[in-house]
């Protein structure tokens, strides 16, 4: 009997998790049961993925750069990667702004609804936390993002999972390995090659737990929704975001089909486990090990390319987040600051959202922090910021789940485009967790 494919197992786990969450929501003590006995398994799964993210980036990027044998190839790959990422992010923002200006989801929202949302969420700890983080990031200075790339203590960067610092260190080590004699470089290169293989095997083993983990994660998400009336009031705004994200995935599929000549359906099937995990975890950083495994083994992208493109993408490529920021900023203005809806302000939104996406952390709800910066860049009244965030706070988590899917899909798409342009797109060679099990059992 043929084994059920991993993506189907994950989908079943997601569906059962949603159903279970709704059932527990309607039972006295159900929320507490999920929080105490179900949610921890989802946290364990995310912790395991985060555990291997840093060693995977370090090993794959150092080995990939060292294998290039030519420093000029690093420049070529880097320029192509960043250029495509900037291009797709601009398209995402334009799609978002086009939809929100055509549909106008903020027009016609009643004052009673606005007041109810304000009373419920404006002073919420989550909203206050986002405003505080945005204020801290803004006060850090214009070049702080550049300064943050260069670590003073790489072990501290490992502990804090500071991805850009880890990427810089890995590139630095890889380039230095190219600049020394091959016989002296080869022991370290072989070490990182072995480390990469071990970590990829860890991904295979961790993914055996994925269907059960997404059950726990989705059940925990469902019990957090406690005001269906407000959710229904925001459904038009939410649908605008989801429709825009769907268009963005459609754009990726067109690129895949037209440039790499691969079937869009085949691409979706191969990358779907990473997409489903992105939806469940709302974190492209936590999903990164799975994304790398799917892209290398199931899409055929060479390790030299995936080891560079994907870690960079998880940090700087936030197409879904950028699209959401465009829609959310204009929606908030439509509701409480319509006089700010000028063409000039929308151009500023495009520029700021593009820059903000590069600095946006690959963790849940970071998009709301960057949204505050986007709104402040157009002179949005400071006293209205808590109300603006409160308007969209109720539906932020489900939309965050959706936009993380787009972020991860964009990373995989760009890795295929760059690989194809460099002649590094090979035939897929998937591996299983038990490939060598018979030899050691």
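Below is a table of values for the structure above.
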quantity: Residue check, residue 198 free of Cβ contacts under 8 Å to residues at least 12 places away in the same chain, over 30 Å from residue 108 (Cα atoms), surrounded by fewer than 16 Cβ atoms within 10 Å (Cβ to Cβ) and within 22 Å of the chain's Cα centre (by Cα); calculated: no
quantity: Filter result (surrounded by fewer than 20 Cβ atoms within 10 Å (Cβ to Cβ), in contact (Cβ under 8 Å) with a residue 40 or more places away in the chain and more than 30 Å from residue 109 (Cα to Cα)) within the range 229-254; calculated: 251
quantity: Lone qualifier among 33, 20 - being surrounded by 18 or more Cβ atoms within 10 Å (Cβ to Cβ) and either within 30 Å of residue 375 (Cα to Cα) or touching a helix residue (DSSP H, G or I) at 6+ places or on another chain (Cβ under 7 Å) (or both); calculated: 20
quantity: Identity of the residue in the range 151-167, modelled with pLDDT of 90 or more and not in a helix (DSSP H, G or I), that ends up nearest to residue 373 (Cα to Cα); calculated: 151
quantity: Failed item in (1) within 30 Å of residue 232 (Cα to Cα); (2) surrounded by 15 or more Cβ atoms within 10 Å (Cβ to Cβ), with residue 55 passing the rest; calculated: (1)
quantity: Some residue of the range 377-388 being in a helix (DSSP H, G or I) and out of contact with any helix residue (DSSP H, G or I) (no Cβ under 8 Å at 6 or more places or on another chain); calculated: yes
quantity: Positions within the range 417-441 being part of a helix (DSSP H, G or I) and exposed (fewer than 11 other Cβ atoms within 10 Å of the Cβ), in sequence order; calculated: 437, 438, 439, 440
quantity: Which listed residue, of 71, 91, is farther than 30 Å from residue 155 by Cβ and either exposed (fewer than 15 other Cβ atoms within 10 Å of the Cβ) or at pLDDT 95 or above (or both); calculated: 91
quantity: Residue check, residue 203 over 27 Å from residue 357 (Cβ atoms), in a helix (DSSP H, G or I) and touching a residue at least 40 places away in the same chain (Cβ under 8 Å); calculated: no
quantity: The one condition in (1) on the phi < 0 side of the Ramachandran plot; (2) within 24 Å of the chain's Cα centre (by Cα); (3) surrounded by 14 or more Cβ atoms within 10 Å (Cβ to Cβ) that residue 144 fails to fulfil; calculated: (3)
quantity: Test result for residue 276, crowded, with 24+ Cβ neighbours inside 10 Å, closer than 26 Å to residue 78 by Cβ and within 18 Å of the chain's Cα centre (by Cα); calculated: no
quantity: Odd one out for residue 392, checked against (1) farther than 16 Å from residue 225 by Cα; (2) more than 17 Å from the chain's Cα centre (by Cα); calculated: (1)
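Matching residues to (1) within 21 Å of residue 84 (Cβ to Cβ); (2) in contact (Cβ under 8 Å) with a residue 40 or more places away in the chain:
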residue: 321; (1), (2): yes, yes
residue: 325; (1), (2): yes, yes
residue: 337; (1), (2): no, yes
residue: 342; (1), (2): no, no
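The values are calculated or read from the model by the stated rules, or taken from the named source; none is laboratory data. These figures come from a predicted structure and were not determined experimentally. Here Cβ is always computed from backbone atoms with ideal geometry, including for glycine, and neighbour counts include all displayed protein chains.
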